[in-house]
Amino acid sequence: MENNKSEYKDMPSPLGVIRLVATDVGLAAILWEGEDYSRAKLSTPERNDQNPILLKTEQQLKEYFAKARTTFDIPLDFSGTEFQKKVWNALLNVPFGKTKTYGELARVLGDIKAVRAVGGALNKNPIAIIVPCHRIVGASGKMIGFAGGIANKTILLHLENKYKMPSLFDD
């Protein structure tokens, strides 16, 4: 475990209840309902519904889900390898409403051959939504690989107006 003291707050969202986790440095994780802390490399945090970083994160996520926010300004506390941190920081430059492929992200990082390593780093991204791994798609544009599940990836991309949600009434 890289970080010692951490605190959490649960937040209802269109994706179910998500768990926000912060250290003294910044937001360390946004975890999916029922997920443990292994992806975030954190010890079990203590509940603190008044943590200022968590309250700010919750407010900004509510604005995002209401389509009133397209960027975040929350301090982040990444726990991962240097390569993973490089990938996660590159994700922060993928604009709202846009997608990149794994190959494009590897190219941005300077090594087109690193596609699989990029995919592995995305899978370990501890700060879902704010560090937008949902904006990375397969070479064909197909939605693949997302720790929160393809259904949640679809919802997030639809929220950002990138993909039309399938309708039960479409022919």
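The values are calculated or read from the model by the stated rules, or taken from the named source; none is laboratory data. Worth saying up front: this structure is predicted, and the values here are computed from it rather than measured. Cβ placement follows ideal geometry from the backbone for every residue including glycine, while neighbour counts extend to all protein chains displayed. Ligands, DNA and RNA are excluded from the accessible area calculation, which covers all protein heavy atoms including side chains. Shrake-Rupley method; radii C 1.70, N 1.55, O 1.52, S 1.80 Å.
Some notes on this structure:
- Signed unit charges on C-beta, dipole axis of segment 35-171, positive-most listed residue Tyr64, Thr154, Val108: Val108
- Listed peptides 79-91, 21-33 by packing density, highest first (mean Cβ within 10 Å): 21-33, 79-91
- Computed log₁₀ I(q)/I(0) - Debye formula, equal Cα scatterers, no solvent, segment 32-138, q 0.16, 0.18, 0.22 Å⁻¹: -0.78, -0.97, -1.30
- Only Lys, Arg (+1) and Asp, Glu (-1) charged, at Cβ; the chain dipole about Cα centre in debye: 600
- Among the protein heavy atoms of the chain, carbon and sulfur supply 53% of the accessible surface, probe 1.4 Å, non-protein parts ignored.
- Solvent-accessible area per residue, Å², over the chain with all protein chains present [probe radius 1.4 Å]: 51
- Amide H contacts under 5 Å for Ala29, placed H, 5+ residues apart: Val21
- Reachable aspartates and glutamates from Lys85, criterion Cα separation under 18 angstrom, eight or more residues apart if same chain: Glu2, Asp73, Asp77, Glu104, Asp111
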